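Asks: Structure in structure tokens, see below.
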Amino acid sequence: MFAWVEVGGRRPAVMGVVNVTPDSFSDGGRWLDPGAAVAHGLELVAAGADLLDVGGESTRPGADPVDEAEERARIEPVVARLAAEAGVPVSIDTTKAAVAAAALDAGARIVNDVSAGRLDAALLPLVADRAGAVVLMHMRGEPRTMQGDPRYVDVVREVGDFLVERADAARDAGVAEHAIAVDPGIGFGKTTDHNLDLLARLDALVERVGLPVVVGASRKRFIGRVLAGVGGEPGEPPAEARDDGTLATVVWAVECGARVVRVHDVHGARRALDLLTLLDTVEAA
Ligand code: HH2
């Protein structure tokens, strides 16, 4: 049985990203070969990952959808080997029930769906049927169109409403309570200001949803924009250069009550969170 409250033991959990894609925004093409993806996943576990999230389709803004057979072919061998060898639970980052089913067959235990079960009605019933766990993420529309002028009256309230509604949908489909986590979807149909608002008021969101919260701000564009003071200009740093800003979001998210942070640089996140945990212990003593 997988329970979100138990993942990582008492410490905040780090979910390491394994992108088996040619076009992911920060690391596309680096681990498209299954052997390289598996080696990368094992490195992330050695660096302190409590979970691995394997994805075969990029969700970056404007990304082209991947055909189901291709997505399956990318992720199946990687999930199978990591589930057997990594020693931590493996999650599959997909919106397609058929891909999720193949990953669960190969040993994955969690389905991380950036559409929260909206794009494929068979996904939540599948997770329930297989006694799997799920991450329900907020996104406006779909990746191809989500950055086209997103508007909210109150982004924290609206994202909270959505996550509460999708958690109810997961329960209605039969997913176990302890297996449901939610995610505000940093960068998915949100401007820089929306992302900052969501992070700044994350504590309120965590309290409102009353479920384990996953936060994935790693290397996202708003970090480069805020730190460079530019937006999409040639001076904007490349995604790997956003790991410093990412660490601030990691520590902030956990301080606000997030249970899991989804990151590319596991080593940095683990060290930052281990120090944070130590400081909490000293403070409590
Ligand atoms: N972000 C990305 C993908 N999946 N899943 C959750 N739950 N939360 C996130 O914030 C999230 C996610 C985008 O990052 P990445 O996987 O590195 O890029 P790409 O989608 O281009 O592969």
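Asks: Working only within segment 252-261, note down all residues that are open to solvent by 40 Å² or more (accessible area, probe 1.4 Å) and under 15 Å from ARG242 (Cβ atoms).
Replies: Across segment 252-261, the qualifying residue is only TRP252.
Asks: Here's something else I'd like to know. Restricting segment 113-141 to residues that are at pLDDT 95 or above and of a type in the set (D, E, K, R), which is nearest to the ligand (Cβ to nearest atom)?
Replies: Only one residue fits best here, namely ASP113.
Asks: Next up: Have a look at ALA83, ALA106 and point out the one that is small (Gly, Ala, Ser) and over 22 Å from PRO212 (Cβ atoms).
Replies: ALA106 is the lone residue from the list that is small (Gly, Ala, Ser) and over 22 Å from PRO212 (Cβ atoms).
Asks: Looking at segment 177-227 only, could you name the residues that are of a type in the set (Asp, Glu), touching a residue at least 40 places away in the same chain (Cβ under 8 Å) and more than 22 Å from VAL266 (Cβ to Cβ)?
Replies: Answer for segment 177-227, where residues must be of a type in the set (Asp, Glu), touching a residue at least 40 places away in the same chain (Cβ under 8 Å) and more than 22 Å from VAL266 (Cβ to Cβ): ASP197, ASP203, GLU207.
Asks: Among the residues of segment 63-100, count how many are in contact with a Pro (Cβ under 7 Å, 6 or more places away or on another chain) and farther than 23 Å from ALA49 by Cα.
Replies: 1
Asks: May I ask you to list pairs of residues, at least six apart or on different chains, whose Cβ atoms are under 7 Å apart, with the first in segment 116-135 being in contact (Cβ under 8 Å) with a residue 24 or more places away in the chain and the second being among the β-branched types (Val, Ile, Thr) and in a loop (DSSP other than H, G, I, E, B)?
Replies: LEU119/THR95; ASP120/THR95; LEU124/VAL175; VAL127/VAL175; ALA128/VAL175; VAL134/VAL175
Asks: Taking segment 1-28 as the region of interest, how many residues are within 19 Å of LEU136 (Cα to Cα), among the acidic types (Asp, Glu) and either part of a loop (DSSP other than H, G, I, E, B) or in contact with a helix residue (DSSP H, G or I) (Cβ under 6 Å, 6 or more places away or on another chain) (or both)?
Replies: Residues that pass the stated criteria total 0.
Asks: Pick from segment 151-161 the residues that are open to solvent by 20 Å² or more (accessible area, probe 1.4 Å) and not charged (D, E, K, R): which of them is nearest to the ligand (Cβ to nearest atom)?
Replies: It comes out as TYR152.
Asks: Something else now. Could you list all residues from segment 162-196 that are away from the ligand (no atom under 14 Å from the Cβ), part of a loop (DSSP other than H, G, I, E, B) and open to solvent by less than 20 Å² (accessible area, probe 1.4 Å)?
Replies: Within segment 162-196, VAL175 is the sole residue that qualifies.
Asks: Give the residues of segment 45-69 that are under 17 Å from ASP265 (Cβ atoms) and open to solvent by 10 Å² or more (accessible area, probe 1.4 Å), sorted by residue number.
Replies: VAL45, ALA46, ALA47, GLY48, ASP50
Asks: What number of residues in segment 52-75 are in contact (Cβ under 8 Å) with a residue 40 or more places away in the chain, more than 11 Å from the ligand (Cβ to nearest atom) and outside any loop (DSSP other than H, G, I, E, B)?
Replies: Number of matching residues: 2.
The values are calculated or read from the model by the stated rules, or taken from the named source; none is laboratory data. These numbers were taken from a predicted model, which means no experiment stands behind them. Note: ideal-geometry Cβ built from the backbone for every residue, glycine included; neighbour counts use all protein chains shown. Quick note on the areas: whole protein, heavy atoms, side chains included, nothing else; ligands and nucleic acids left out. Shrake-Rupley method; radii C 1.70, N 1.55, O 1.52, S 1.80 Å.
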